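Structure first, commentary second.
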Amino acid sequence: MPYLLNNWPFVGTLLLQHLWLTVSALGIATVIALPTGVLLARMPRLRGPVLGLFGLLYTIPSLSLLVLLIPLLHLGYWPAVVTLVVYAQLVLVRNIVVGLTGIAPAVLEAAQGMGMSAWQRLLLVELPLALPLMLAGLRIATLSTIAIATVAALVNAGGLGTLLFDGVRSGNTEKIFVGALAVAALAIGANALLRQAELRARRGWG
């Protein structure tokens, strides 16, 4: 792969940009999704409408959402991050809700019988038990985010999509191959790490 050997600093920079887009978007998405998931687990009447809204937003093509955000956030990092955060919500929130509502009632009754407050039950019992499903949702959201982040190059947000789109425009198949290989390697690495975390969480409570 002559292109990669001759341009590895540039490819490395794009890889770091892609990684930063992914990590920052998932961090913001998790901060939003966690309290939302807890709220929906506590209030079943809100569950259908809110998850339905997230599902509707998920069906909007990523490029269309990016274009809609440009007048508000301009080109660059922020429209890309907001788009990635929006797409991550459905999977993250749904898995949090499923994890929390799937806990056996006897476990919650035992925690209450020990004198735990609602906050103590949530932090010490419910969230740890729901952690495997939450990590599974994070893993799926991460893979989706890595893939969608390639489109961010179209709004000057950088990332590995730059190689893909530049390669298509210039007819440079090496750029396309290197970009696709880097995205795949990033996704495989993230999947392996989060899968291990998920398995450890399951064994911890298994």
Simple SL model, points at 7 angstrom along Cα→Cβ for Ala106 and Gln196; separation in nm is 3.5 nm
Simple spin-label estimate for Ile28 and Asp166 in nanometres, 7 Å along Cα-Cβ: 2.5 nm
In a shell of Cβ-Cβ distance under 10 Å around Ala118, excluding Ala118 itself, what net charge do Lys and Arg (+1) and Asp and Glu (-1) give? +1
Whole-Hz ³J(HN,Hα) for each residue in segment 85-102, computed from phi via Karplus 6.51 cos²θ - 1.76 cosθ + 1.60 with θ = phi - 60°, x for glycine and proline: what do you get? 4, 4, 5, 7, 4, 4, 5, 5, 5, 4, 5, 5, 5, 4, x, 6, 7, x
Calculate the length of the line joining the C-alpha centroid of segment 1-58 to that of segment 147-206, in whole Å. 13 Å
Could you check which residue among Leu72, Leu186, Leu163 shows the biggest mean-square fluctuation in a GNM of the chain with a 10 Å Cα cutoff? Leu72
Pick from Pro128, Pro49, Pro79: which is most flexible by mean-square fluctuation in a GNM of the chain where alpha carbon atoms under 10 Å apart are linked? Pro49
Under a GNM of the chain (C-alpha, springs under 10 Å), which listed residue has the highest mean-square fluctuation: Gln17, Gln196, Gln89? Gln196
Report, to one decimal in Å, the Kirkwood hydrodynamic radius for the chain based on all distinct Cα pairs. 18.6 Å
Around Val107 (Cβ within 14 Å, Cβ-to-Cβ, excluding Val107; K/R +1, D/E -1) the net charge comes to -1
Cleavage-rule hits, chymotrypsin sites (Phe, Trp or Tyr not before Pro), segment 134-206, DSSP coil, Cβ neighbours within 10 Å at most 13: Trp205
Over the chain, relative contact order from alpha-carbon pairs under 8 Å, at least 6 apart, %: 27 percent
If you place +1 on the Cβ of every Lys and Arg and -1 on the Cβ of every Asp and Glu, how big does the dipole about the Cα centre of segment 61-206 come out, in debye to the nearest 20? 200 debye
Please report the projected area of segment 96-206's Cα convex hull averaged over all directions, in nm². 8.7 nm²
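Since every read-out is calculated from the coordinates, none of them should be taken as a lab result. Here the structure is a predicted model, which is why all the values come from computation and not from measurement. Don't worry about glycine lacking a Cβ; one is built from the backbone with ideal geometry, like all the others, and counts go over all protein chains shown.
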